[in-house]
Amino acid sequence: MIKWCRKQKVKIEPSLEQQSAEKLLEIGAQLRQARQVQALSLERVALRTMIPRHLLKAIEAGNREELPEPIYIQSYIKQYADALGLDGTELARNFPIEDRRILLKPTQRILPAAQLRPIHLYLLYLFVVFWAVNALSYTLSRNQLQESSFQRVQQLLPTQTRSQQSDIQSVSTANQDSKPVRISVTLKAQSWLRVTADGQTTFEGTLPQGTQRTWEAEEELTLKTENAGGVLVQFNQEKAKQIGNPGQMQEVTFAANQRL
């Protein structure tokens, strides 16, 4: 007799990469629609989330090739959704990522009885304790010797000479601590700031109302904010002034020998 075998159809599940690409298109379209409903530009969202504009555009378009690893994409989705008032945690959870955690099986190694010698461990412990006590004693003795030597030298110096040295040290310290360009910023309202000192960005982020910060530079300082009316700036020793109107984006540069 001839037996006929019926071929069974095997259902092929889409790969994780295909699932991620399809879900990214769906989530990106949802984020773009929510942004457009609120009449927000990508530049505005980039300022709120601190995510570069080209990455936000790639998320909306579902362009996987221009985005980093899936774990970072999930984090960007959460930040983007939270900035639009959506449930960022739930939306990010819908984006599948590969679980790379590796479960390590515990291994046991049984040593021969001849290798287990507690007396060796005890001697090693005594050696470590002895070395630590000697090192601490040497350090304390050296510090006491230096302090006593300094006190004897100070007693031998005339009072006027010690006073002059103290004044010189105070002036030197003041000169080292201060720089030609110095601004003190006080926030009347929450504002995003970016501060550049001598060509290097020293701070970029959003600070709450009531924050007071100070920055210094050798040649120039540049302050940029998206809420100029909520920022009071004191340049060097001058009176603090408001640098613009509320909600106005403003960028101001301060240089040596300049007045605010």
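The values are calculated or read from the model by the stated rules, or taken from the named source; none is laboratory data. Not measured: the values here are computed from a predicted model. A quick note on method: Cβ atoms are made from the backbone with ideal geometry, for glycine too, and the neighbour counts reach across all protein chains shown. These area figures cover heavy atoms from the full protein model, side chains too; ligands, DNA and RNA do not enter into them. Shrake-Rupley method; radii C 1.70, N 1.55, O 1.52, S 1.80 Å.
Remark on residue 202: its backbone amide H falls under 5 Å from those of 195, 196, 197, a criterion applied only to residues 5 or more positions apart or on other chains, H modelled at 1.01 Å from N. Per-residue packing, averaged as other Cβ atoms within 10 Å, sorts the ranges 56-64, 204-212 into the order 56-64, 204-212, beginning with the highest. Checking the cross-link pairs 179/224; 57/188; 57/239; 179/241 against a 31 Å limit on the alpha carbon distance flags 57/188; 57/239 as lying beyond it. The distance between label points at residue 179 and residue 71 comes to 3.5 nm (points 7 Å beyond Cα on the Cα→Cβ vector). Once the Cβ-Cβ distance of residue 220 and residue 143 is raised to the sixth power relative to R0 = 30 Å, the FRET efficiency obtained is 0.10. Efficiency by 1/(1 + (r/R0)^6): what FRET value for residue 17 and residue 38, r their Cβ-Cβ distance, R0 = 25 Å, to the nearest 0.05? After rounding to 0.05, the efficiency reads 0.20. Quick check: the distance between the Cα centres of region 62-99 and region 12-43, to the nearest angstrom? Region 62-99 and region 12-43 have Cα centres separated by 9 Å. The residues of region 176-240 expose on average 52 square angstrom of accessible surface per residue, using a 1.4 Å probe on protein heavy atoms. Charges were assigned to the Cβ only: +1 to each Lys and Arg, -1 to each Asp and Glu. The resulting dipole of region 182-260 about its Cα centre is roughly 400 debye. The listed peptides 179-189, 75-85, ordered by packing as a protection proxy, come out as 75-85, 179-189 (highest mean of other Cβ atoms within 10 Å first).
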